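> First, the structure itself, so that you have it in front of you.
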Amino acid sequence: MSDLILSRRRLLGAGLLGAGMLGTMPAWARGASIHHGGAIRSGFDEVSGASIDLTVGEGMHTVQGWRGHAIAVNGSVPGPLVRLKEGTTVRLNVHNTLDEDTSIHWHGLLLPFHLDGVPGVSFPGIAPGQSFTAEFPVRQAGTYWWHSHSNLQEQAGHYGPIVIDPAGPDPVQADRDYVLLLSEFTPLHPHTIMDKLKKGEGYFNHQQNTWTDDYPLSGEDRRMWARMRMMATDILDVTGSTYTYLANGHGPEEGLEYLFNPGERVRIRVINGSAMSFFNIRIPGATMYVVAADGLNVRPVPVQEFQIGTAETYDIVVEPTGEAMTIVAEAMDRSGMAVATLASRPGARAPVPALRDPPLLTMADMGMNHGAHGGGMDHGSMDHSSMDHSAMDHSAMGHAMPAQTSATEPMDMSGMDMGSMNMRDTSKLPPTVKIGPGIDMVSMNPVDRMGDPGLGLDDVPHKVLTYKDLVALEPNDDLRRPSRQMEIHLTGNMERYMWSFDGKKFTAVSDDPIRFAYNERVRVKLVNDTMMAHPIHLHGHFFELVNGAPADRQPQKHTVIVQPGGSATFDLTADEQGDWAFHCHLLYHMHSGMFQIVTVAKPPSAPDVKRVGED
């Protein structure tokens with residue numbers, strides 16, 4: 001097995017920007033060249049070292065002939081690859097040259113809460129002309145990313161990758177190591193998109209006309225969807241009608257290449273840094289081995305395709321063959337794709353497959369199917385002996401009904417009065433859920449859908465990754481049984497574009513946080529009462545997916561997709577004190593209210609931690 005050979009660009013090392021003061025930086029680093037509308041370049045450089053400077057500016061950005069306003073870091077979109085080393089200490093200096101506040105959240109990194117970078121939760125933000133330094137020990141290895149948590153700036157280009165090299169040998173051996181950061185470009189300002197979604201949630205859904213012959217719907221199916229005032233094509237809120245999908249900042253026609261030599265093993269760190277998009281990843285003709293999820297190693301899983309939700313990361317290893325192979329990142333609604341090429345020589349190309357037919361929502365996505373793909377929760381695989389049942393609220397635990405149909409099997413609608421079907425039966429909700437105009441749908445029979453490959457991938461003729469395939473490579477360090485179970489409902493009103501947890505839109509001044517005792521072990525069940533998939537992210541922690549893997553090998557993640565009308569369950573050890581953000585990572589869902597604060601109480605012997613900006 002050959003050693004890991006890293007392809008790097010060290011154009012922006014600590015020596016160039018190590019002074020850390022705006023006045024001593026070159027003009028481009030201060031943002032002067034882009035602050036008044038100058039051009040922003042696509043792609044990213046690399047920064048590393050003990051002290052790293054990141055300068056936030058703005059300007060105009062052009063992708064494949066489309067031009068729009070952008071927020072750039074160190075002059076590029078995406079911003080630079082931040083390369084760290086496990087076991088070292090790093091100083092990350094963020095300088096703001098914008099006319100508005102900004103921030104950077106270090107997504108997936110374990111660090112003190114006051115350095116986490118969420119304005120209003122962990123610090124006040126970075127004011128115009130000001131700087132903020134996050135200094136902390138690097139406690140982990142793997143693939144992560146960073147992005148703004150301010151004013152929808154993430155959509156405009158304020159994001160970038162993080163790679164942390166392990167302190168010891170890397171269990172993943174490869175000859176080449178690349179980053180594939182997926183995102184979107186739009187000429188529209190983010191607040192324009194938000195305004196259009198509030199006025200009409202289907203504004204960007206140009207595939208919504210289900211009255212043509214382009215979709216495999218019977219007349220009865222079409223009438224059923226019409227009576228429910230829903231669209232079977234309502235897969236993503238913002239689509240390829242305005243988005244150009246990017247690979248490392250480059251559009252699909254801009255020729256991003258990853259070079260290889262025949263016989264080499266290539267590691268690709270796939271990061272979904274998009275604002276609103278899920279992607280289906282495949283390399284036609286190749287088997288990909290998934291070797292890490294959200295930065296942590298898993299037992300290799302051979303697949304031909306996998307779906308990656310917003311904010312997730314997956315590391316894959318592939319052995320390319322031939323002259324070239326195409327990496328396809330197809331948007332989940334199939335309205336566009338990002339493209340890159342594994343090339344044995346510069347300029348080599350392989351065929352780019354056409355977009356597949358758009359997927360359609362099913363009865364399972366409305367929580368009406370009694371057995372989602374992958375089945376309901378497999379109670380036989382659960383280690384009931386490890387649960388402290390005496391402290392659990394069984395009245396809040398949903399139990400799946402016996403499986404009757406698969407997720408994609410058409411439901412016999414004859415004899416069903418769809419006009420009288422109550423899709424908002426709030427009697428099914430626990431008392432913790434606030435009933436009001438923010439809820440327009442309640443899942444009738446939510447079952448565990450962690451065995452789903454993702455919307456539109458149930459019937460493809462090849463192996464697709466599911467959460468049930470993931471097994472941690474190393475044993476987990478906390479095998480205590482959860483002392484209690486918590487159930488959280490993901491709620492929304494699509495027509496009004498309102499999103500929330502438990503029917504309560506987040507408001508910083510009035511909401512009570514979700515509280516965990518320090519070092520408490522809790523089983524959390526997320527129930528999705530909407531018809532959209534939600535990537536739910538918890539800051540400052542990793543949690544273990546309850547996916548049927550042995551208790552000591554449950555895979556750890558920081559972001560989990562909860563499928564429409566279904567549920568997902570994880571075990572959490574609340575071992576990082578402080579206030580942490582917990583939210584849907586679809587940017588406009590979070591901005592509309594699907595956000596909450598998680599408070600982990602410090603142990604009695606621990607000193608108080610003062611928030612930045614407090615007297």
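Readers should treat all values here as calculations from the given coordinates under stated rules, not as data from a laboratory. This is a predicted model, so every value here is computed, not measured. All Cβ positions, glycine included, derive from the backbone under ideal geometry; neighbour counts span all protein chains shown.
> What net charge is computed for the residues neighbouring Leu457, neighbours being all others with C-beta under 12 Å from the C-beta of Leu457, Lys and Arg scored +1, Asp and Glu -1?
That works out to -1.
> Still on this structure, I have one more. Compute the Rg to Rh ratio over the range 143-182 from the alpha carbon atoms, using the Kirkwood formula for Rh, and round to two decimal places.
Across the range 143-182, the Cα-based Rg/Rh ratio is 1.12.
> For a quick protection proxy, order the peptides 469-478, 158-167 by their average other-Cβ count within 10 Å, most packed first.
Ranked from most to least packed, the peptides come out as 158-167, 469-478.
> Taking the Cα centroid of the range 568-600 and of the range 155-177, what is the distance between the two, rounded to the nearest whole Å?
Using only Cα atoms, the two centres lie 24 Å from each other.
> Which three lengths, in whole Å and largest first, does the range 77-119 cover when its Cα atoms are put on their principal axes?
Projected onto the principal axes, the Cα atoms of the range 77-119 cover 36, 24, 17 Å.
> Let me ask another. Do the alpha carbons of any pairs in Lys198/Lys434; Lys198/Lys463; Lys557/Lys602 sit beyond 29 Å of each other, and which pairs?
Lys198/Lys463, as the Cα separations exceed 29 Å there.
> Give me the distance in nm between label points sitting 7 Å out from Cα along the Cα-to-Cβ direction at Lys199 and His462, one decimal.
Using points 7 Å along Cα→Cβ, the separation is 4.2 nm.
> Related question: Semi-axes of the range 63-191's equivalent ellipsoid from the Cα gyration tensor, sqrt of 5 times each eigenvalue, largest first, rounded to whole Å? Walk me through the numbers before you get to the answer.
Numbers: eigenvalues 138, 85, 23 Å².
Each semi-axis is √(5λ); the values are 26, 21, 11 Å.
> Still on this model: Hey, got a sec? Which trypsin sites (Lys or Arg not before Pro) in the range 478-553 land in a DSSP loop and have at most 14 other Cβ atoms within 10 Å?
Arg480, Arg496
> Continuing with this model, one more query. Ala348 to Glu495: FRET efficiency via 1/(1 + (r/R0)^6), r the Cβ-Cβ distance, R0 51 Å, to the nearest 0.05?
That pair, Ala348 with Glu495, gives E of 0.55.
> Moving to a separate point now. Determine the sum of side-chain charges near Gly273: Lys and Arg each +1, Asp and Glu each -1, restricted to other residues whose C-beta is under 12 angstrom from that of Gly273. Walk me through the numbers before you get to the answer.
Numbers: positive: Arg269; negative: Glu154, Glu184, Glu312.
So the surrounding residues net to -2.
> Could you calculate the FRET efficiency of Arg481 with Arg67 from 1/(1 + (r/R0)^6), where r is the beta carbon distance between them and R0 is 45 Å, rounded to 0.05?
0.20
> For the range 471-533 and the range 71-89, compute the distance between their C-alpha centroids and round to whole Å.
30
> Using the number of other C-beta atoms within 10 angstrom as an exposure proxy, rank Lys198, Lys468 with the fewest first.
Starting with the residue having the fewest Cβ neighbours, the order is Lys198, Lys468.
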